[in-house]
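Coordinate-derived values only; no laboratory data. It should be emphasised that the depicted structure is a prediction, and the values quoted were computed from it without experimental measurement. Glycine gets a Cβ as well: all are built from the backbone with ideal geometry, and neighbour counts include every protein chain shown.
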Amino acid sequence: MSVALRKTQAVVIGRMALGESDRLVTFYTREFGKVRGVAKAARRPRSRFGGGLELFTQGQLLFFETERSDLAQVDAFDMVHPFQAVREHLDRLAFGSWVVECLGRLSAERDPNPALYGLLLRALGALEGSVRPQRAAFGFALRAVDLLGHRLRLDRCLACSKPSPADAASARLDFTAGGLVCEPCARYGSDGVDVSGAAVGGLRRLRTLSWDEVLKASVPLPLEAEMAGVLEAQMTRLIGQVPRTTRFMTQIRRPLSHAGGSGAATGGPG
Ligand SMILES: [Zn+2]
């Protein structure tokens, strides 16, 4: 049996208890994409991993691969940046959890995508800063679907080739077809969501901006909420079910498509 030692930058995107004292950790790594590994004795009080295997932590990962198992053996994880602030605030934690859940569910194991790794770090950095957490998660989703090869075609109707609807008109985003279908062409019951011309225009505009510009872009909250709803629907469709964290965010009244932080849109108490 051959064993190989690997070294890569990585972020903890999931973790669960395993057996008596081990931990099963899911990493998103720069060099290997998603890697699941067992951290032996990580739940013991004086574990050599210390507190390093917390969710969102970025570090230098050393792991062993064996031919026998899909699971790697975590040898060391040296913290580079803890992203602690993302864990300490309910909104940031909720949106950060949504980001890493979508990433984890949409990427296959050992399928490297360094651009996606970079996007994850930028999203966590934004969640740690002063940006609204909704916007940071929105920016992640907007770019992640492209990087994962699921870019929707938004410039014209896929059926009749008529250009995108005007702001006042509406259309349907057909996720199976991979883009926009104008209102007359949309089949009843087709797989997708109704979308306003303003949201189509907004998504097209935001896709052309840099990451920092997306974070700073002035977008009315109801329009941002509609666009976020589209991305959330696309994520749900790609994953095959509603992400667990979306259900959590709905419970705390902070879905990605929530228009504001006041709770007014859902009638809740902020
Ligand atoms: Zn059409």
Looking for whichever is more than 16 Å from the ligand (Cβ to nearest atom), farther than 21 Å from ILE239 by Cα and under 14 Å from the mean Cα position of the chain (by Cα) here; the options are LEU106, LEU147, LEU121. Which one fits?
-> LEU121
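Residue-by-condition table, conditions (1) under 21 Å from the mean Cα position of the chain (by Cα); (2) farther than 24 Å from LEU124 by Cβ; (3) of a type in the set (Lys, Arg):
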| position | (1), (2), (3) |
| --- | --- |
| VAL3 | no, yes, no |
| GLN9 | yes, no, no |
| ASP22 | no, yes, no |
| LYS34 | yes, no, yes |
| ALA41 | no, yes, no |
| PRO45 | no, yes, no |
| GLY50 | no, no, no |
Scanning the stretch 185-211 residue by residue, the ones that are in a helix (DSSP H, G or I) and touching a Lys or Arg at 6+ places or on another chain (Cβ under 9 Å) total 3
In the stretch 155-170, which residues are more than 10 Å from the ligand (Cβ to nearest atom), among the polar types (S, T, N, Q) and assigned to a loop (DSSP other than H, G, I, E, B)?
-> SER164
Taking ASP78, is it farther than 26 Å from GLN251 by Cα, part of a helix (DSSP H, G or I) and more than 16 Å from the ligand (Cβ to nearest atom)?
-> no
Count of the stretch 116-153 residues which are assigned to a loop (DSSP other than H, G, I, E, B) and not hydrophobic (A, V, I, L, M, F, W, C) | 6
Which ones in the stretch 34-51 are surrounded by fewer than 20 Cβ atoms within 10 Å (Cβ to Cβ) and small (Gly, Ala, Ser)?
-> ALA41, SER47, GLY50, GLY51
Considering every residue within the stretch 159-177, establish whether at least one is under 14 Å from LEU238 (Cβ atoms) and exposed (fewer than 13 other Cβ atoms within 10 Å of the Cβ).
-> yes
Assuming LEU180 fulfils every condition listed in (1) away from the ligand (no atom under 16 Å from the Cβ); (2) in contact with a Pro (Cβ under 9 Å, 6 or more places away or on another chain) apart from one, which condition is it?
-> (1)
Only one of LEU152, LEU173 is in contact (Cβ under 8 Å) with a residue 24 or more places away in the chain, touching a strand residue (DSSP E or B) at 6+ places or on another chain (Cβ under 6 Å), away from the ligand (no atom under 14 Å from the Cβ) and under 26 Å from ALA115 (Cβ atoms); which?
-> LEU152
